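The values are calculated or read from the model by the stated rules, or taken from the named source; none is laboratory data. Note that this is a predicted model, so its numbers are computed, not measured. Note: ideal-geometry Cβ built from the backbone for every residue, glycine included; neighbour counts use all protein chains shown. These area figures cover heavy atoms from the full protein model, side chains too; ligands, DNA and RNA do not enter into them. Shrake-Rupley method; radii C 1.70, N 1.55, O 1.52, S 1.80 Å.
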Amino acid sequence: MTVKEQCENVKRMSGTDVRKCMKCGKCSGRCPAFHEMDIKPHQFVSLLAQGRIEELLKSEAIWSCLSCMACVERCPRAVAPAAVIEAVRDTVIRAQGANGMKAEDIPPMVDELIPQQLLMSAYRKYNK
Amino acid sequence: MKICYYPGCTLKTKSQALDQTARLAALALGVEMEEIENWQCCGAVYPMARDEIATKLSAVRALDYAKHNGGRLLTLCSACHNVIKRTNEDMRSDGEICSRANNYLQLEESYRGETEVLHYLEMLKTVVGFDNIAQKVVKPLNRKVGAYYGCLLLRPSGVMAFDNPENPTIIEDFIRALGGTPVIYPFRNECCGAYVGLKNPDLPKKQSERILRSAKEKGAEEVITACPLCLYNLNEKGSGILPVKYFTELLAEALGVKS
Ligand code: SF4
Ligand code: SF4
């Protein structure tokens with residue numbers, strides 16, 4: 001797939017219009033995972049708008065986003081940074097052999113208290 | 001009054017306390033929660049990518065069942081509520097997702113988001129009424145309780161339409177109805193760290209400690225939630241700063257129905 005195709009695909013999957021971003025940074029300002037992220041939420045939006053998808057696909061931040069939707073709630077321009085991050089992560093993990101979590105990773109994590117909801121959420125977010 | 005109820009996986013296993021106290025309390029309030037037939041796991045997280053269809057079908061099946069059985073679907077786990085409500089909105093307003101899901105399911109009559117999704121707290125507020133609950137309280141809480149909303153009930157507010165996402169009040173009203181004193185603290189709608197703990201255990205720890213410290217500073221003696229994952233993170237990663245319970249445990253306690 002060409003860079004351009006990949007870019008269009010991520011834009012389509014995210015369902016959000018990154019051109020509407022006015023670069024105010026409110027999304028990143030509200031993000032609880034900000035300090036864990038190499039590329040910040042507002043930069044996801046901006047880099048995608050610039051077509052710099054290769055940098056996004058290498059980002060470690062896709063594993064730290066909590067899908068808490070605080071960025072979406074705060075954006076004054078109705079952009080959804082969380083949806084951009086998810087579209088990038090889905091693009092990464094949908095490639096053959098690129099899952100961020102495998103079924104065999106799960107049993108050692110299970111303890112007496114861990115809720116099914118946690119295992120299911122992580123597996124859905126990190127595995128395709 | 002009977003209402004279709006979607007329990008979800010976690011309430012059948014690690015969070016039975018949430019399910020059981022909710023059922024007992026509902027009965028005492030004249031509501032019978034009728035578990036829907038053959039429900040499947042909702043997937044726990046709403047898939048945001050516009051081309052995800054298969055991961056939304058279990059929610060659509062539950063919604064369609066409820067459509068033909070009273071038109072309302074009661075949820076209790078915050079995650080199930082978030083997934084089912086957002087999927088319902090897709091079925092109502094996103095023609096492409098709706099037609100692809102219906103094309104797969106081949107229902108007798110297409111599902112188009114007709115069902116009303118109601119969280120247990122919304123049911124308490126709009127169907128039973130907090131005033132009526134207050135009248136049935138036999139053992140008032142008489143303590144300071146911090147409501148922890150987290151993310152899933154509130155956001156995205158345009159779809160969830162649960163409460164004001166920055167300054168919610170429904171759980172505080174609930175605490176007041178039970179004879180407790182609600183404590184407002186700044187981190188009550190902050191994320192607990194969610195599923196990221198399996199990749200980065202430090203983040204839920206940092207978040208949970210922050211949330212509980214914030215509640216304690218404002219005088220809370222305990223914190224309540226509607227989410228099994230929030231409860232797990234706050235209790236297990238929150239360094240025991242405050243005890244955390246399900247909101248239904250306090251409801252059952254106040255109504256005097258807890259065994
Ligand atoms: S959804 Fe992700 S990017 Fe947005 S505020 Fe939450 S953690 Fe940050
Ligand atoms: S809050 Fe919205 S407009 Fe502001 S930087 Fe983030 S995406 Fe752009």
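The distance from the alpha carbon centre of region A:58-93 to that of region B:136-214 is 23 Å, rounded to a whole number.
How large is the dipole of chain B about the Cα centre if only Lys and Arg carry +1 and Asp and Glu carry -1, each at its Cβ, rounded to the nearest 20 debye? Can you show the working numbers first?
Details: 32 positive and 31 negative charges, 160 e Å.
Here chain B has a charge dipole of around 760 debye.
Comparing B:Thr13, B:Ala62, B:Met33 along the charge dipole axis of region B:2-121, the residue lying farthest to the positive side is B:Thr13, per the Cβ-charge model.
Global dimensions of chain B from alpha-carbon coordinates: Rg and Dmax equal 18.2, 56 Å.
Using just its DSSP H runs of length 4 or more, each adding -39500 (n - 2.57), the protein assembly as shown gives a mean residue ellipticity at 222 nm of -12500 deg cm²/dmol after division by all residues.
Can you work out the accessible area per residue across the protein assembly as shown, with the rest of the protein chains kept in place, probe 1.4 Å, in square angstrom?
Details: 15970 Å² over 387 residues.
With the other protein chains kept in place, the protein assembly as shown gives 41 Å² per residue.
For region A:3-97, the Cβ-based charge dipole about the Cα centre amounts to some 400 debye (Lys, Arg positive; Asp, Glu negative; other atoms uncharged).
Under 5 Å between amide hydrogens, built in the peptide plane, is the criterion, and for B:Tyr5 it picks out B:Glu34, B:Glu35, B:Ile36, B:Leu74 among residues at least 5 positions away or on other chains.
Which of the residues in region A:42-70 lose at least 50 Å² of accessible area when you go from the chain alone to all protein chains together (probe 1.4 Å)? Listed in order, they are A:Leu66, A:Cys68, A:Met69. Taking GluC sites (Glu not before Pro) in DSSP loop conformation with at most 14 other Cβ atoms inside 10 Å as exposed sites, chain B has its longest uninterrupted site-free stretch at B:167-259.
When both region B:85-132 and region A:1-20 are represented by their alpha-carbon centers, they are found 29 Å apart.
Couplings for region B:50-61, taken from phi via the Karplus curve 6.51 cos²θ - 1.76 cosθ + 1.60 with θ = phi - 60°, read 5, 9, 7, 10, 4, 6, 9, 5, 5, 5, 5, 4 Hz in order; Gly and Pro are left as x.
Using a 1.4 Å probe and counting only protein heavy atoms, how much accessible surface gets buried when B and A come together, both sides summed, in Å² to the nearest 100?
Numbers: alone 11830 and 7930 Å², together 15970 Å².
In total, this chain pair buries about 3800 Å².
The residues of region A:76-99 occluded by other protein chains by 30 Å² or more of accessible area, set against the chain on its own, are A:Glu86, A:Arg94; surface from heavy atoms, 1.4 Å probe. Just to confirm the filter: which chymotrypsin sites (Phe, Trp or Tyr not before Pro) across region A:33-128 are DSSP coil and have at most 13 other Cβ within 10 angstrom of their Cβ? Hits after loop and neighbour filter: nothing returned. At an R0 of 22 angstrom, the distance between the Cβ atoms of B:Asp94 and A:Ala98 translates into a FRET efficiency of 0.20.
Once the Cα atoms are used to define both axes, helix B:78-93 deviates from the longest principal axis of chain B by about 30 degrees.
The angle between the Cα long axis of helix A:3-14 and the longest principal axis of the Cα atoms of chain A comes to about 70 degrees, rounded to the nearest 10.
Taking a Cβ cut-off of under 13 Å around B:Thr126, the surrounding Lys, Arg, Asp and Glu residues balance to a net charge of -3, with basic ones at +1 and acidic ones at -1.
Given R0 = 25 Å, the distance between the Cβ atoms of B:Asn103 and B:Lys2 translates into a calculated FRET efficiency of 0.20.
The phi-based Karplus calculation (6.51 cos²θ - 1.76 cosθ + 1.60; θ = phi - 60°) puts the 3J(HN,Hα) values of region A:107-123 at x, x, 7, 6, 10, 4, 9, 4, x, 3, 4, 5, 5, 5, 4, 5, 5 Hz, whole numbers, x for Gly and Pro.
With all distinct Cα pairs included, what does the Kirkwood hydrodynamic radius of chain A come out to in Å, to one decimal, could you say? Present the calculation step by step, with values, prior to reporting the outcome.
Details: mean 1/r = 0.0655 Å⁻¹.
Computed over chain A, the radius equals 15.3 Å.
Can you tell me the orientation of helix B:95-105 relative to chain B, as the angle in degrees between its alpha-carbon axis and the longest Cα principal axis, to the nearest 10? With rounding to tens, the tilt is 80 degrees. Checking the Cα-Cα distances for A:Lys58/A:Lys102; A:Lys4/B:Lys56; A:Lys125/B:Lys237; A:Lys20/B:Lys85 against a 23 Å cut-off, the pairs over it are A:Lys4/B:Lys56; A:Lys20/B:Lys85. Working note: Debye formula, equal point scatterers on the alpha-carbon atoms of the protein assembly as shown, no solvent; log10 I(q)/I(0) at q = 0.15 Å⁻¹ is -1.43.
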